[in-house]
Amino acid sequence: MTKLAGVTGGNTFSTHESEWLWLPARRQLVLLYPQRIAPAGIRPGLTEATRLGAQSVSVWMNNAVNYAPLEAFGFRRGPQPQWMSAPVSVPERYDAGTAGVDPEPAEVTGPDADELAAGRSHPRTAWHLTTRGDGKLTGRAWVYVPSAVDQQPPPMDPITGKPQVSDEPSRKPRKGSLAGVFGLAVGPSSRRKGYGTALLSRAATVAEAAGADRLAVNAAPAGAEFLAARGFELIGRGQYLSLDLR
């Protein structure tokens, strides 16, 4: 999320025991993994949300943190996030099909399109993946690998004068890294046709080439069943709460 904030003009800031992330493309303020909920930190965060013109405020936190103080501010609990993980070799066994790195799909619009800039940054840490069927976009996902990279700047394109950014991983492998898969989604009419599995498989291939040896996915309960059927194991549960400011 921090990377998405950076490439879309957002920022991070702190209040009492609270670390916040502003995602301007989505008009969303996020409180990330507080160790405890401190009203002295929540109040100024919400004041800043109003000043920024946020439409919503969300909170991601550990399952052990008491969420009750957030309810006093109007937050409501959402589906419980479940963190699932597997070695990259597990999803790689499946057919990747049409899934591939797709940095700028024409069909992606709005905030999603603004966030595609995350896949063009250097050093390269994020790759946007899509699947297609009959020439149409059927699914998409992000894979993020926050491990060591070659810090040399990319070569300049002699025609455009802009940095050349490859669609393929260009990272120095460092075993032991954990890659995250985010925003994995398949269109309603394209489900149960292997597109989600193909995205996982391609994400594993990209992650391994970037130096990771495991994948982690944050899933809702229904998604957890899908992942478990493909060899992923539950490694933890969290909490998600949100506040609608519209």
Study note, to complete from the structure: Of (1) out of contact with any Phe, Trp or Tyr (no Cβ under 7 Å at 6 or more places or on another chain); (2) modelled with pLDDT of 95 or more; (3) open to solvent by less than 40 Å² (accessible area, probe 1.4 Å), Ile42 satisfies every one except (1)
**Study point:** Conditions (1) surrounded by fewer than 19 Cβ atoms within 10 Å (Cβ to Cβ); (2) outside any loop (DSSP other than H, G, I, E, B); number of the one not met by Thr138
**Key:** (1)
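If you check Ala113, Ala49, Ala40, Ala106, which single one turns out to be among the small types (Gly, Ala, Ser), in a loop (DSSP other than H, G, I, E, B) and at negative phi? Before you say what the answer is, go through the steps one by one.
Working: Ala113 fails: in a loop (DSSP other than H, G, I, E, B); Ala49 fails: in a loop (DSSP other than H, G, I, E, B); Ala40 fails: in a loop (DSSP other than H, G, I, E, B).
Just one listed residue meets the conditions, Ala106.
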Exercise for review: Could you look through segment 52-75, keep only residues that are in a strand (DSSP E or B) and polar (S, T, N, Q), and pick out the one that is nearest to Arg26 (Cα to Cα)?
Suggested key: Ser56
Practice item. Mind counting the residues in segment 220-246 that are closer than 26 Å to Arg192 by Cβ and either open to solvent by less than 40 Å² (accessible area, probe 1.4 Å) or outside any strand (DSSP E or B) (or both)? Key: 13
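Being among the charged types (D, E, K, R), more than 24 Å from Gln82 (Cα to Cα), open to solvent by less than 30 Å² (accessible area, probe 1.4 Å) and at pLDDT below 55 narrows it down to one residue among Arg124, Arg171; which is it?
On the way: Arg124 fails: at pLDDT below 55.
Selected residue: Arg171, the only one of Arg124, Arg171 that is among the charged types (D, E, K, R), more than 24 Å from Gln82 (Cα to Cα), open to solvent by less than 30 Å² (accessible area, probe 1.4 Å) and at pLDDT below 55.
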Point to revise | Residue in segment 61-81 that is under 15 Å from the mean Cα position of the chain (by Cα) and not polar (S, T, N, Q) present | key: yes
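The values are calculated or read from the model by the stated rules, or taken from the named source; none is laboratory data. It should be emphasised that the depicted structure is a prediction, and the values quoted were computed from it without experimental measurement. Glycine also receives a Cβ, built like all others from the backbone with ideal geometry; neighbour counts cover every protein chain displayed. Ligands, DNA and RNA are excluded from the accessible area calculation, which covers all protein heavy atoms including side chains. Shrake-Rupley method; radii C 1.70, N 1.55, O 1.52, S 1.80 Å.
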